[in-house]
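We did not get these values from a lab; they are worked out from the coordinates using the rules stated. Keep in mind that what you see is a predicted model, and the values were worked out from it rather than measured. Because the Cβ atoms are built from the backbone with ideal geometry, glycine has one as well, and the counts that use them run over all protein chains shown.
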Amino acid sequence: MGQSHSQSQTHISVLPNEVVVSILQHLPPQEIKSAVLVCKSLREMGEKPRFWTWAVVTVNTKDDLQKLKRPRLQMVQEIDVTQGSHGGTHLNRRGGVSTWMKEEGLADLFQVICEIPTVRRIRGLEFCKGIQGIEPDLVVSVLNSLEELKLCYGFAEEDGEEDEEEDDEEDEEEDEEKEQEMEQEMQMKLSTEQLELLFTAVAEKTNLKFLQVSGQDMLKDMDKTDETDEVDEMDQMDEMDTISPELFAAAVSNVEEVILKEHFKEDITSKQFEALYSIIAVEDRPVRKFTCL
């Protein structure tokens, strides 16, 4: 006579927590999202920040900052402010244009990020306005904890010449091109104090693996110098560095990949370049790829 075999199912709640946690650690992101909806016990275990490090948190409005206060996102590594940083062109709940990011929003964002020490990348940060108005120590704390930093002020690279189109499309395309140019204008220009504190911190210890610098004032205001004597003015240049050549060299050479691009004459001084080349030649510094444009 054949025997009937009953197949019993074991509910996940009877498994030891260690086993459940081990299972959760091997689930892909989409499965984690589903798992926390199964039951209360799975939700409690699935809320642990270690399971959500892959998440990219989008911050377009002030309300979005509340996302970063969720327990599950306390070990998040990447934040996207691309839409919020490009002039605040998104619509708010009432249908009006939000200007949060380009006004007081950046300081609020930095304050929240400072409380999440695992953040390593902030997409679109170089297009955010208002960084000079943020307390210098807060700026340094956030920027020096990142792995990638575009410390750039000015227009980004453009792909090429603009194409001419038909008459009916010209006006619309010109408006779109103007908006794109506005979006390409990078806004990360630090104050003298912020710049000096950041370079000091980077020279000592940093998480940065990629650094791009352009459009920063590396010279003090020259307006008060005697313009009638060009020779004397050039003699004074050595003492006019906002960032000392030694500090500049120590900071820049402490990052694995560096791009230095001069938008303006005063971006980087010859003494700073000389100190950088010297320290790279003499010492075994962390920098491995160096590009000067």
Using the structure shown, list the pairs from Lys205/Lys271; Lys69/Lys150; Lys33/Lys62; Lys33/Lys289 with a Cα-Cα distance above 28 Å, or answer none. Lys33/Lys289
Ordered by number, the trypsin sites (Lys or Arg not before Pro) in region 254-293 that occupy a DSSP loop and have at most 11 other Cβ atoms within 10 Å are Lys265, Arg288
Can you give the extra length, in nm with one decimal, that the chain gains between Glu31 and Ile259 once fully stretched, where that is 0.36 nm per residue apart less the Cα-Cα distance? 78.1 nm
Region 20-36 - phi-based ³J(HN,Hα) in whole Hz, Karplus 6.51/-1.76/1.60, Gly and Pro as x: 4, 4, 4, 5, 4, 5, 9, 7, x, x, 5, 6, 4, 4, 6, 4, 6
